[in-house]
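Only one structure is covered here, and it is reproduced in the block below.
Coordinate-derived values only; no laboratory data. The shown structure was predicted, so the numbers you read here are calculated from the model rather than taken from an experiment. For neighbour counting, all protein chains shown are included, and Cβ atoms are generated from backbone atoms with ideal geometry for every residue, glycine included.
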Amino acid sequence: MTGVLAALFGAAAIATLTTGAVAVPPLEALAVVARKAGLGALGEPGRQAEAVVWGIRMPRLLTACTVGAGLAATGAVLQGMLRNEMADPQLLGIGPGAGIGAVIGSAAGGVQGAIAGGIVSGVVTGFVVRRLGSRVTIDRTRLILSGVALGAALSAWVGFLVFAADRSRVPPIEFWLLGSLSGSTWRSFGTAAVMIGAGALVLLGTSRSLDLMSLGHSEARHLGVDTDLVATIVLIAVGIVVGATVGAVGVVAFVGLLVPYWIRRLVGPAHRRLMGVSALGGAVLLVLSDLVARLTLEPVEIPVGLVTSALGGPLFLWLISRTRDV
């Protein structure tokens with residue numbers, strides 16, 4: 001499974017670096033990467049190829065990888081902790097919640113401010129979702145529907161803030177609600193990658209406890225797991241990861257639902273392996289989705305979130321239709 005995903009990722013990465021308004025031959029694109037890595041074995045690339053591949057497409061590719069991996073890993077964790085295969089950080093409202101802080105941060109401090117603000121409001125929204133989930137009257141499906149309603153309300157506030165902000169400093173509403181990788185830079189990638197990586201390492205450290213919590217929180221407590229502490233740590237880490245992704249590229253829906261849902265059926269429920277393979281799958285999905293977004297209506301670029309929603313929406317409807325909790 002890992003080998004197949006790695007091969008897909010390699011093909012998608014080459015396509016990302018070589019296709020677009022300016023076509024770059026694969027060998028020349030590889031020569032650019034080799035030169036930047038200190039290797040000159042593939043020859044001397046042209047200046048235009050270097051500017052396009054290294055200045056524009058490489059940060060976009062790496063941002064897609066990092067964001068896709070982070071969203072898929074958080075989806076795998078939330079599905080396990082909540083014992084709900086429909087759990088997704090965007091569907092639960094954490095993504096739109098992070099968008100509020102990201103817009104405010106963007107107005108105050110550009111992309112780095114957006115990432116910082118997204119993290120703060122993402123963590124806060126995560127604890128709001130936890131409060132909803134702690135109510136015994138809300139079952140597994142109603143929790144998701146409550147998250148969707150919360151996300152819709154928070155998305156409206158994102159819209160209000162965008163229209164009230166200085167348009168020269170804050171990206172347009174479609175960026176925040178539909179996601180886009182078009183503005184990716186080395187600076188935005190570096191900031192987001194550090195925060196996503198930190199949050200992912202924390203989530204990886206909870207994998208053993210999450211394995212036990214997947215059996216049921218009561219059973220996990222009997223086995224010595226402090227479920228409240230683990231849930232708190234997980235929600236903080238999820239808020240950091242999702243907030244960083246929203247600050248960098250806006251809300252990209254359904255990656256955290258699609259990828260771990262299928263990966264769990266292929267590699268099993270053990271969270272350490274599940275998170276790792278899901279992260280790779282999320283990177284592949286978002287890179288391929290970005291390719292579709294760039295090339296389908298070229299030269300017009302559609303938001304990447306439209307592509308992931310077109311893929312994830314039918315799965316979500318199918319999961320809702322076969323659930324009898326409502």
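GLY224 passes every criterion in (1) part of a helix (DSSP H, G or I); (2) touching a Leu at 6+ places or on another chain (Cβ under 9 Å); (3) over 30 Å from SER106 (Cα atoms) apart from (1).
Candidates are the residues of region 233-275 that are without any contact (Cβ under 8 Å) to a residue 12 or more places away in the chain and assigned to a helix (DSSP H, G or I); the one that is surrounded by the most Cβ atoms within 10 Å (Cβ to Cβ) is ARG273. Residues that are under 26 Å from SER278 (Cα atoms) and of a type in the set (Gly, Ala, Ser) within region 1-47 comprise GLY3, ALA6, ALA7, GLY10, ALA11, ALA12, ALA13, ALA15, listed in sequence order.
Here ALA87, ALA72, ALA107, ALA98 are screened, and the one residue that is of a type in the set (Gly, Ala, Ser) and surrounded by fewer than 24 Cβ atoms within 10 Å (Cβ to Cβ) is ALA107.
Residues in region 156-174 that are of a type in the set (Gly, Ala, Ser), without any contact (Cβ under 8 Å) to a residue 40 or more places away in the chain and more than 12 Å from GLY99 (Cα to Cα): ALA164, SER168. Only one of the numbered conditions (1) within 20 Å of the chain's Cα centre (by Cα); (2) farther than 14 Å from ILE94 by Cα is not met by ALA253, and that is (2). Condition first: of a type in the set (Ser, Thr, Tyr) and out of contact with any helix residue (DSSP H, G or I) (no Cβ under 7 Å at 6 or more places or on another chain). Can you find one or more residues in region 232-246 that meet it? Yes - at least one qualifying residue is present in region 232-246. Residues in region 12-61 that are surrounded by fewer than 21 Cβ atoms within 10 Å (Cβ to Cβ), in contact (Cβ under 8 Å) with a residue 12 or more places away in the chain and among the small types (Gly, Ala, Ser): ALA15, GLY20, ALA21, GLY43, GLY46, ALA49.
Applying the criterion of being outside any helix (DSSP H, G or I) and in contact (Cβ under 8 Å) with a residue 60 or more places away in the chain to the residues of region 193-221, the residue that is surrounded by the fewest Cβ atoms within 10 Å (Cβ to Cβ) is GLY216.
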